[in-house]
Amino acid sequence: MKRRGLIAFAVAGLIIGGAWLITASAIRAQQPPAAPATPAAPPTQAVPPIGPYDPKLRTVSLPSGKKVHVLPATLETTQWGWFDNAQPPVLRVNSGDTVVMETMMHSHNQIVPGTTIEQIKKLRTDYPGRGPHTVTGPIYVEGAQPGDVLKVTLNKIVPRAYAANFNVPGMFGQFPKEYADGQVKYFYLDWDRKIVEFLPGVEVPLKPFPGTLGVARKEPGRYSTVPPGEYAGNMDIRDFTEGTTLYAPVHVAGALLWSGDSHAAQGNGEVNLTAVETAYKELNLTLEVIKGKPLDFPRIETKTSWITMGFDQDLNKAWDQAKAQTIKFLSEQRNVSADQAARLMASVSDCRVSQVVNIKKGIHCLNPKNASAREDMERPAKETAKYYVSHVKDADLNKAMDAASMGMIKWLESEKKIARLDAYGLASVAMDCRVGAVSDAEKNVHCLLPKSIFVAKR
């Protein structure tokens with residue numbers, strides 16, 4: 001009876017969140033030739049070729065005349081690590097329709113509980129040039145043309161019950177040399193309490209958001225999913241959560257929308273490369289085409305703020321772009337000159353380091369819709385009642401961010417007695433790095449860690 005129970009559990013475990021977990025051997029058979037394979041994987045359950053799906057069976061009509069489209073995550077509806085504006089759409093929708101889509105874990109669902117850090121590294125080294133993300137799409141939106149804007153509203157997010165955080169040994173992350181040894185941690189996501197226990201006595205609040213959601217680039221060809229850009233993509237902006245809206249400029253006919261890199265929580269900085277990485281059983285989106293109001297760069301609208309952003313390999317240049325986008329937005333919003341908007345930005349805009357690990361680093365600025373809706377703009381230089389703090393100022397914003405974030409990691413090691421790779425991971429999922437006063441001579445970075453994540457051990 002015990003043996004039968006184990007077999008039943010193993011078979012049942014093949015289906016999670018409505019999508020088949022495909023073994024490495026099945027997926028690699030569909031990939032370009034690569035380095036020699038690892039030892040043979042367990043036998044794959046055969047899936048007979050049943051032919052193309054019927055798109056009519058993926059659509060539900062509503063009394064309003066709008067439609068809801070269900071888009072499962074399968075090998076046919078996803079790509080691993082790349083965008084290509086020549087990729088045939090897996091779904092076509094009208095402006096105003098809603099899409100209920102699934103996403104997969106990284107590397108076509110191969111990074112799931114039980115996958116080792118050595119196997120995770122091999123998934124990157126064996127397939128260079130692509131990102132780790134599995135993205136569902138592309139979705140073609142009828143009527144969307146270059147020069148339009150695609151409005152994407154996040155209605156609902158339902159993650160799987162588990163997640164991962166990992167540091168790939170000797171590769172990627174903010175500090176690959178200092179943390180050349182790797183580690184992967186798997187977690188149970190407690191949605192009743194809306195927390196994940198990162199370590200005994202350390203609970204990180206859950207706030208799911210799509211790390212990657214974007215439209216096709218204007219350039220033809222196949223591009224890695226890692227760097228963000230004017231097409232949005234791998235923005236890793238943790239404020240882009242349920243109830244918020246992305247406005248992305250359209251570069252090709254149909255816009256072509258993808259999403260993946262699904263997160264349950266993330267720190268501002270995402271320093272070890274990963275957040276609380278999960279997959280979504282449901283990412284519920286409403287897609288609308290906006291005509292006559294062109295944008296040159298993405299913006300996000302929350303209930304209380306508008307978010308502007310900048311991306312570049314150099315954090316100083318990412319700041320310059322975020323500043324330019326913020327001044328442009330404030331000038332439009334408040335009907336003031338660019339000089340007036342620049343002075344206004346210093347007092348009303350709340351700028352954070354989104355991430356420093358996506359080839360192009362990111363900074364995003366929250367601009368309140370009104371004075372009463374201002375975010376927590378605290379920029380302490382030392383510990384407060386709410387936060388542990390690491391503050392550094394330097395003429396180079398990259399160096400200020402490096403030193404401030406490393407200062408927090410080392411503090412976790414020395415003061416909280418947290419193991420070094422766990423400290424690196426905790427900073428990645430919970431630390432909040434904020435941009436303080438910026439001048440030609442001095443840039444300030446304040447990395448905050450909420451004291452509330454430290455609780456009594458259960």
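The values are calculated or read from the model by the stated rules, or taken from the named source; none is laboratory data. All figures in this text were calculated on a predicted structure; none of them were measured in a lab. Glycine also receives a Cβ, built like all others from the backbone with ideal geometry; neighbour counts cover every protein chain displayed. All accessible areas refer to the heavy atoms of the entire protein, side chains included, with ligands and DNA or RNA removed. Shrake-Rupley method; radii C 1.70, N 1.55, O 1.52, S 1.80 Å.
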- Item | Length-normalised contact order for the range 278-352 - Cα pairs under 8 Å, 6+ apart - percent | 15 percent
- Task: Please list, in chain and number order, the residues 5+ apart from Tyr388 or on another chain whose amide H is under 5 Å from its amide H, with Hs placed from the backbone.
- Result: Leu449, Lys451
- Percent of Cα-Cα distances greater than 12 Å, calculated over the range 223-277: 72 percent
- Carbon + sulfur, % of accessible area of the chain - ligands and nucleic acids excluded, 1.4 Å: 56 percent
- Over the alpha carbons of the range 195-254, what is the largest minus smallest coordinate on each principal axis, giving the biggest first in Å? 49, 25, 14
- Which net charge results when you count Lys and Arg as +1 and Asp and Glu as -1 among the other residues whose beta-carbon is under 10 Å from that of Gly310? +2
- Note on the structure: Among Gly96, Ala404, Ile195, the residue whose Cα sits farthest towards the positive end of the charge dipole of the chain (+1 at Cβ of Lys and Arg, -1 at Cβ of Asp and Glu, taken about the Cα centre) is Ile195
- Note, the range 433-440: 3J(HN,Hα) by Karplus (6.51, -1.76, 1.60, θ = phi - 60°), whole Hz, Gly/Pro = x, goes 8, 10, 8, x, 4, 10, 9, 4
- Query: Over the chain, what is the relative contact order in whole percent, taking alpha-carbon pairs under 8 Å and six or more residues apart?
  - Reply: 16 percent
- Message: Residue by residue through the range 80-87, what is 3J(HN,Hα) from phi via Karplus (6.51 cos²θ - 1.76 cosθ + 1.60, θ = phi - 60°)? Round to whole Hz and write x for glycine and proline.
- Response: 9, x, 8, 10, 8, 6, 9, 5
- What FRET efficiency would be calculated for the residue pair Asp84, Lys328, taking the C-beta separation as r and a Förster radius of 41 Å, to the nearest 0.05? 0.85
- Item | Calculated over the range 143-216: convex hull of Cα atoms, volume per residue (Å³) | 156 Å³
- Message: Whole-Hz ³J(HN,Hα) for each residue in the range 62-67, computed from phi via Karplus 6.51 cos²θ - 1.76 cosθ + 1.60 with θ = phi - 60°, x for glycine and proline: what do you get?
- Response: 9, x, 6, x, 7, 10
- Query: For the range 61-134, what number results from the quotient of the Cα radius of gyration and 2.2 N^0.38 Å?
  - Reply: 1.43
- Item | Segments 249-255, 203-209 sorted - mean Cβ within 10 Å per residue, highest first | 249-255, 203-209
- Any residue on another chain or 5+ positions along whose placed amide H is under 5 Å from the amide H of Asp148 is listed here as Val250
- Message: With a 1.4 Å probe and all protein chains left in place, how much accessible area per residue does the chain have, in Å²?
- Response: 43 Å²
- Between Lys66 and Arg379, what FRET efficiency comes out of the Förster formula 1/(1 + (r/R0)^6) with R0 = 60 Å and r the beta carbon distance, rounded to 0.05? 0.85
- Task: Kyte-Doolittle cut-off -1.0, length cut-off 30 Å along the helix's own axis using Cα: show which whole DSSP H helices in the chain pass.
- Result: none
- Long-range amide H partners of Ile418, meaning residues 5 or more apart or on another chain whose placed amide H is closer than 5 Å, are Glu413
